[in-house]
Amino acid sequence: MTRPNIIYIVCDDLGYADLGCYGGRQAAFGPVSPNIDALAAGGMKFTEGYSNSPVCSPTRFALMTMRYQYRLRGAAEEPISSKQRFNSQLGLPPDHPTMPSLLREAGYRTALIGKWHLGYPPHFGPLRSGYEEFFGPMAGGVDYFTHKASTGDHDLWWGEQEHLEIGYLTDLLSQRAVDYVNRMADGARADTPFFLSLHYTAPHWPWETRDDAHIAPEVAKNLFHLDGGNVESYRRMIHHMDEGIGWIVAALRQQGLLENTLIVFTSDNGGERFSDNWPLVGGKMDLTEGGIRVPWIAHWPAVVPAGVTSTQHSMTMDWSRTVLDAAGVAPAPTHEPDGVSLLPVLRDPTQRFDRPLYWRMNHRGQRALRVGDWKYLRVDGNDYLFNLSQDERERANQGKREPERLLAMQAQWEAWDATMPPIPADAQVSLGYSYRDMPQR
C-alpha cells in the first residue's frame, strides 16, 4: 500500500459530549455534527483519550513535538498571550524537530490551515517548523469576521505575510482545505502524499455564527465576549465546522483519495462556557476530566475497521507519534518522543496497552496522573484519588479509603515530575475571566 495522506483536524475548546457520536443532544436546528459522526461511524472512536493540557498552546507544543510540552519554555505559558507577540522566547524553536518537519523530509507535502498559537515571526512560525504552506491566525483567538486578535491587531496570515480576506473564518479555513486537497491530488495519486494540519478556531469564543457579522464591532472591545453567546449559537458554530469537514471528505472522495487518507479528529482541550462535557466535571484550565478528556476519531478505510470503539488511554502526543508511524517515518534520534504510537490499536481494536498519563498546571498548582482505572489529582493543595471506571465525575474521593494507593500514585507523579524542567518563576497564567464574571462550575 502506498503511503497515506494525512489530515489532522484539531478544533478549539470542544466539549467531550458536544458531538452526536459522543452522546451530544440535537440542537433546535437538528443534528449538530453529522459529518464528524459519519467519520466515527466509518472509523474508530476513542472514549478515554486526552489532550496534553487543558489549555490551547501547551497542547499544541505536544502535538508538534510528540513530547511532553513541559520540556519547552514557551509551553509553560498557560496559554501564550497575544500581548507577547514580539517575545523571542515564547514559541516553538525552529530548530526543534516536529511532526511536519519530519514528514516533509520524508517527501510529504505539508500545510497548516488554521490556528498556530506557537509564537510569532520573525522568531517563530509554521513555515519555520516544517510546513510549506500556512493560512490562518497566529494568535490564540480572533474575531471570525474582522480576524483581529484580542490586542486589536489584524491576525490572518498567508505564509508570513498578513493577509486581508473577507469571510467567516471557519468557512475560509474549510474552503482553503478543500483547495489544498484538490491541488495535492495529482501528486498524491503519484505517491507524493500530503500532510494537512487543519486547526479550526471553532467553537472558541467570540460566539459568532455565520449570521453574526453585526456583532463583530462590539466584540472587538473584548473578544472573550463575556456578555454574549448561548448554547444554540455555540452549537451552530460547531455545525459550521462540521459542514466544512463534510466538504473536505467530499473532495477526498471525488479525487479517489478517501480510502487511503488517515483523518484524525480531536480538540486541543476540554470545553468552555457553553460546551457539554457530560458526564465529566470541569473544563478548560482544569485537570478534572472535563478539561482534558476529548474526542478522538480516526478514519482510514484502508486500515481502520469501521464502527468500532476503543478504550485505549492516549494523549495528544501519542496521536502525533501515530501519524509519523502511519507514514513510515522515524522520529528524530536527537529528540526521543514521549508519545507512543497507537497504530497497532488502529489496525486491531482489540489491542490495548498500559499507558500512564501525566499532567501538571501552574494554574491552581494542579497535577494529575492516570494509571488504569485510577486517577490521582491535586487542585489548590488538595489531593484526591478517583476510580474513573466507577466515577467519571470525580465526586467520590477514595483517598481515605485507599491511602496507600494515593501515596504510591503521588510518589509516581513526583518521580515523573523530577524528570521534567521545573515551571519557570516568570511563567504566566492568562485568564480571560474569573468567577466574578460567572459562577463557578
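Summary of values
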| read-out | value |
| --- | --- |
| Relative contact order (%) - criterion: Cα under 8 Å, at least six apart; region: segment 116-188 | 23 |
| Residue of L164, L72, L19 that the Gaussian network model of the chain assigns the largest fluctuation, springs spanning Cα pairs under 10 Å | L164 |
| Ratio of Rg to Rh over segment 129-240 (Cα coordinates, Kirkwood Rh, two decimals) | 1.02 |
| Selected from S341, S57, S430 as most flexible by GNM, with the chain as the system and alpha-carbon contacts under 10 Å | S430 |
| Inter-centroid distance (Cα atoms) of segment 408-431 relative to segment 1-80, Å | 24 |
| Inter-centroid distance (Cα atoms) of segment 228-248 relative to segment 376-406, Å | 36 |
| Charged-residue dipole, Cβ positions (Lys, Arg, Asp, Glu), segment 98-206 about Cα centre, Debye nearest 20 | 220 |
| GluC sites (Glu not before Pro) restricted to DSSP loop in segment 173-275 with at most 15 other C-beta within 10 Å | E259 |
| Order by protection proxy (mean Cβ within 10 Å, highest first), peptides 328-337, 385-394 | 385-394, 328-337 |
| Rel. contact order, % - alpha carbon contacts under 8 angstrom, at least six apart, segment 276-324 | 16 |
| Amide H partners (placed H, <5 Å) of H199, local residues excluded | V10, I113, G114, K115 |
| Overall dimensions of segment 16-57 by Cα: Rg and Dmax, Å | 12.1, 33 |
| Counting DSSP beta bridges with both ends in the chain, the antiparallel % (nearest 5) | 55 |
| Percentage relative contact order, segment 207-252, counting C-alpha pairs under 8 Å, at least six apart | 51 |
| Measure of compaction for segment 208-355 (Cα Rg per 2.2 N^0.38 Å) | 1.27 |
| Furthest towards positive pole of dipole, G228, Q84, G107, structure part segment 84-238, Cβ charges | G107 |
| Accessible area per residue, Å², the chain with all protein chains present, probe 1.4 Å | 38 |
| Carbon + sulfur, % of accessible area of the chain - ligands and nucleic acids excluded, 1.4 Å | 50 |
| log₁₀ of I(q)/I(0) at q = 0.19, 0.23, 0.26 Å⁻¹ - segment 177-231, Debye sum with one point per alpha carbon | -0.70, -0.86, -1.01 |
| Assigned charges on the beta-carbon of Lys, Arg, Asp, Glu; segment 282-441 dipole about Cα centre (debye) | 380 |
| Expected-Rg normalisation [2.2 N^0.38 Å, Cα atoms] applied to the chain | 0.91 |
| For segment 48-94, projected area of the alpha-carbon convex hull averaged over all directions, nm² | 3.4 |
| Among P305, A188, H163 - extreme Cα towards positive end, dipole of the chain, charges at beta-carbon | P305 |
| Estimated translational D of segment 14-137 in µm²/s (Stokes, Kirkwood radius over Cα pairs; 4 °C; 1.567 mPa s) | 79 |
| Measure of compaction for segment 295-354 (Cα Rg per 2.2 N^0.38 Å) | 1.13 |
| Of the trypsin sites (Lys or Arg not before Pro) in segment 147-247, those whose Cβ has at most 15 other Cβ within 10 Å and which sit in DSSP loop | K221 |
| Share of Cα-Cα pairs in segment 240-311 lying beyond 14 Å, as whole percent | 69 |
| Cα-centre dipole for the chain with unit charges at Cβ (Lys and Arg positive, Asp and Glu negative), debye to 20 | 620 |
| All-pairs alpha carbon distance profile, segment 127-175, 10 Å steps from 0, percent | 27, 56, 17 |
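The values are calculated or read from the model by the stated rules, or taken from the named source; none is laboratory data. Predicted model only: the values in this text are computed from it and were never measured. Methodologically, a virtual Cβ is constructed for each residue, glycine included, from the backbone with ideal geometry; neighbour enumeration extends over all protein chains shown. Protein only, heavy atoms only, side chains kept; ligands, DNA and RNA dropped before computing areas. Shrake-Rupley method; radii C 1.70, N 1.55, O 1.52, S 1.80 Å.
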